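See structure below.
The values are calculated or read from the model by the stated rules, or taken from the named source; none is laboratory data. What you are looking at is a predicted structure, and each value in this text was computed from that prediction instead of being measured. Cβ coordinates were reconstructed from backbone atoms using ideal geometry, including for glycine residues, and neighbour counts include every protein chain displayed. Accessible surface areas use protein heavy atoms only, side chains included; no ligands, DNA or RNA. Shrake-Rupley method; radii C 1.70, N 1.55, O 1.52, S 1.80 Å.
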Amino acid sequence: MTASSVLLTPPDFHTVPRYTQTLGPLVAMVCEQVGFAPYPEQQMLLDDAFAFDPDSPGRMSVFDFGLVCARQQMKTGFLKMLALGWLFVTEEKLIIWSAHEFSTAKSSYTELVELISRDPVLLGKVEFHGGSVPEIWVKDPNGGTTPKSILRFKARTNRGAARGLTGSKVILDEAFNLEPEMVGAMLPTMIAMPQGQV
């Protein structure tokens, strides 16, 4: 358990590999910038998700993690915090946010656009691309046309959706509706990525 984890409600189960360093507090600072400070439980999870493996310098401590909890405030809020951290702290090249239904993915896109728009500094770093596959781009600070980071929102309801779920980081929202075949097709690709996380 980390120093920042003065929990309101301790989890029934909490398992995480050992670690000594985490970017969780930096992610919390970005969340605070947009008026979305984490609860202590969310901070504990951010510390876990952004922790470094003490035995493999530069690698993250956890590859896959799951969260079973109440909706909206805890789960969806935490996923938005993950996305903000991956966009603005670790600056991942490609992040995929998938949901079972497109309406859920689109709603998450809209909520993140609203959060980022609260801070003029972060807002100046991004471009928003709505449409059938909404994306948030972190622009190249040197003025290049290739974005530094992309957060892409997708639905899993179409056939072959697993092929579109390969990024360095993948969020599987609405996990109650995950198909074993889809996860089985995605995980081998993700494991091969040096900083892959699901």
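All of (1) part of a helix (DSSP H, G or I); (2) touching a residue at least 40 places away in the same chain (Cβ under 8 Å) hold for Phe65 with one exception: (1). One residue alone among Gly66, Gly35, Gly58 is surrounded by fewer than 16 Cβ atoms within 10 Å (Cβ to Cβ), under 25 Å from Asp140 (Cβ atoms) and either over 16 Å from the mean Cα position of the chain (by Cα) or at pLDDT below 90 (or both), and that residue is Gly58. Name the residues in region 43-55 that are over 14 Å from the mean Cα position of the chain (by Cα) and touching a residue at least 40 places away in the same chain (Cβ under 8 Å), would you? Answer for region 43-55, where residues must be over 14 Å from the mean Cα position of the chain (by Cα) and touching a residue at least 40 places away in the same chain (Cβ under 8 Å): just Met44. Please count how many residues of region 73-131 are in a loop (DSSP other than H, G, I, E, B) and within 20 Å of Leu26 (Cα to Cα). Number of matching residues: 11.
Do we have Val16 as touching a Pro at 6+ places or on another chain (Cβ under 9 Å), at pLDDT below 95, part of a loop (DSSP other than H, G, I, E, B) and β-branched (Val, Ile, Thr) here? Judged against the criteria, Val16 is not a match. Applying the selection to region 117-133, what residues are touching a Lys or Arg at 6+ places or on another chain (Cβ under 7 Å) and at pLDDT below 95? Correct list: Val133 only. Within region 4-11, is there a residue that is open to solvent by less than 10 Å² (accessible area, probe 1.4 Å), not charged (D, E, K, R) and not in a helix (DSSP H, G or I)? Within region 4-11, not a single residue is open to solvent by less than 10 Å² (accessible area, probe 1.4 Å), not charged (D, E, K, R) and not in a helix (DSSP H, G or I).
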